[in-house]
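Data first, discussion second: the structure below is written as structure tokens.
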Amino acid sequence: MNNLKENSMKILNGMSIGIVVSLIPSAMLGQIATTLNWGEINIFLNVCTSLMCFLMGICIAIQYKLDPISSCSLAMATMLAGGSIHGINEEGFFQLKGAGDVINATIGAIIAVILIKYLAHRLGAYKLLVIPVLVVVVVGLITSFTAEPIAQITTFIGLLIEKFTTLQPYLMSMLIALSFALIIISPISTVAVALLINLSGNGSAAANIGIAAAALTLAILSYKTNGLGTALAHFIGSPKIQMANFIKSPKMIIPSLISALICSIVVPIFNLQGTPMSAGFGISGLIGPLGNLGINGFTTINIVITLLTFIIIPTIVSYIISFICKDRLKLVDSEDYRLNI
């Protein structure tokens, strides 16, 4: 059981670090590059995002202290399993699209680690010839069959959340904010769910408010143990950096869910808006706030409302909830949020 737990933590830690590293460039520069029409920079940023699963594989290899041959094989297999590579175009170039499926990439990584751990020390001088070929082929074949069933998980969750959009505005906002606050710390893509159900209007805004509140709460709770830079990565990059800690101690997400629930009421009060393309990001790259302004208009009052609802109120609420849950109720501890980076 301890061995299973140790291996699970290594996989999850590697995943979370790889995900956040791949998202940080786009989160910090994406909107600036788009606004200023930096076409070349935008290409760089999109490539970084598409390399998410590859970076997951590298980070998982580091967790296991694998040799270069095994590390490269694991990274290649994980990227293939993620499915961000969409064949070859008419000019003979590989096409990268999106970040890939994190869950299927994780399955690929687990298979690759098992193969490497079992075979690497048995192959001797033949390791260089056998490991890359065997790992890539076996993982590629298996994950090609698991890709569709895994995608159905996202579809099921999306259809469930879609039901919330038919409810009374306050209840809808609360349930959607809670759902996305929980999904953002799981391997499931919030962006994929939002696009799947074409989440827009108040529903899109509620998703972003929920993610923003969850991210800010995690940042505040993790500040003491991880430092300022890593704390900022929770909302500049992604709260998924805490995936391993969530699996290890699920109660650590409770303060974030409470913050998301409370903050969600600003959505119907101020009629916050969003599109399917802006949902699922929270305040990362300011995509959520800009999505709201793009619909409601870039007026002075709307800019003030957006700053208030997406940043100021969630920050205040997150701080209060963090203080109550950690210092008063002793429900969580700073150590619950420690990251091994």
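Would you list the P(r) distribution for the range 134-199, with all Cα-Cα distances sorted into 5 Å bins from 0 and each bin expressed as a whole %?
3, 16, 23, 19, 13, 10, 6, 5, 3, 2, 0
Among Ala75, Ala125, Ala192, which one moves the most in a GNM of the chain with springs linking Cα atoms closer than 10 Å?
Of the options given, Ala125 has the highest mean-square fluctuation.
Within 13 Å, Cβ to Cβ, of Lys224, how many net charges do the neighbouring residues add up to if Lys/Arg are +1 and Asp/Glu are -1?
Summing Lys/Arg as +1 and Asp/Glu as -1 gives -2.
Of the labelled options (1) 20.4, 69; (2) 21.9, 72; (3) 19.6, 58, which one gives Rg and Dmax of the Cα atoms in Å as computed for this structure?
(1)
Once neighbouring chains are kept in place and the probe is 1.4 Å, which whole percent of the accessible area of the chain is contributed by carbon and sulfur?
71 percent
Among Gly87, Gly297, Gly280, whose mean-square fluctuation peaks in a Gaussian network model of the chain (Cα, cutoff 10 Å)?
It is Gly87.
Where the centre of each part is set by its Cα atoms, how far does the range 276-298 sit from the range 156-175, in angstrom?
Measuring centre to centre over Cα atoms gives 19 Å.
Farthest toward the dipole's positive end in the chain, which of Ile188, Val113, Gly30, given Cβ charges of +1 (Lys, Arg) and -1 (Asp, Glu) about the Cα centre?
Farthest along the dipole direction, towards plus: Val113.
How large is the helix-only mean residue ellipticity at 222 nm for the chain, computed as the sum of -39500 (n - 2.57) over DSSP H runs with n ≥ 4, divided by its residue count, in deg cm²/dmol to the nearest 500?
After summing the helix terms and dividing by residue count, I get -23500 deg cm²/dmol.
How big is the range 1-141 on each of its three principal axes, counting only the C-alpha atoms and giving the largest first in Å?
If we take the Cα atoms of the range 1-141, the spans are 54, 38, 23 Å.
Looking only at Met15, Met172, Met79, which one moves most when the chain is put into a Gaussian network model with springs between Cα atoms under 10 Å?
Of the options given, Met172 has the highest mean-square fluctuation.
Based on DSSP loop calls and a cut-off of at most 14 other Cβ atoms within 10 Å, the longest stretch of the chain free of exposed GluC sites (Glu not before Pro) is what?
92-341
Once the dipole of the chain is set up with Lys and Arg at +1 and Asp and Glu at -1 on Cβ about the Cα centre, which of Gly297, Ile150, Leu261 lies farthest towards its positive end?
Looking along the dipole axis, the top candidate is Leu261.
For the chain, what is the accessible area per residue in Å², given a 1.4 Å probe and the full set of protein chains?
On a per-residue basis, 47 Å².
Over the heavy atoms of Leu128, what accessible area does a 1.4 Å probe trace out, to the nearest 10 Å²?
Approximately 110 Å² of Leu128 is accessible to the 1.4 Å probe.
With unit charges on the beta carbons (Lys and Arg positive, Asp and Glu negative) and the dipole taken about the Cα centre of the chain, which residue among Pro68, Leu286, Gln95 sits farthest to the positive side?
In the chain, that residue is Pro68.
Under a 1.4 angstrom probe, counting protein chains only, how are Arg338, Arg328, Arg122 ranked by accessible area, largest first?
So the residues, ranked largest to smallest area, are Arg328, Arg122, Arg338.
The values are calculated or read from the model by the stated rules, or taken from the named source; none is laboratory data. It should be emphasised that the depicted structure is a prediction, and the values quoted were computed from it without experimental measurement. Because the Cβ atoms are built from the backbone with ideal geometry, glycine has one as well, and the counts that use them run over all protein chains shown. For accessibility, only protein heavy atoms count, side chains too; no ligands or nucleic acids. Shrake-Rupley method; radii C 1.70, N 1.55, O 1.52, S 1.80 Å.
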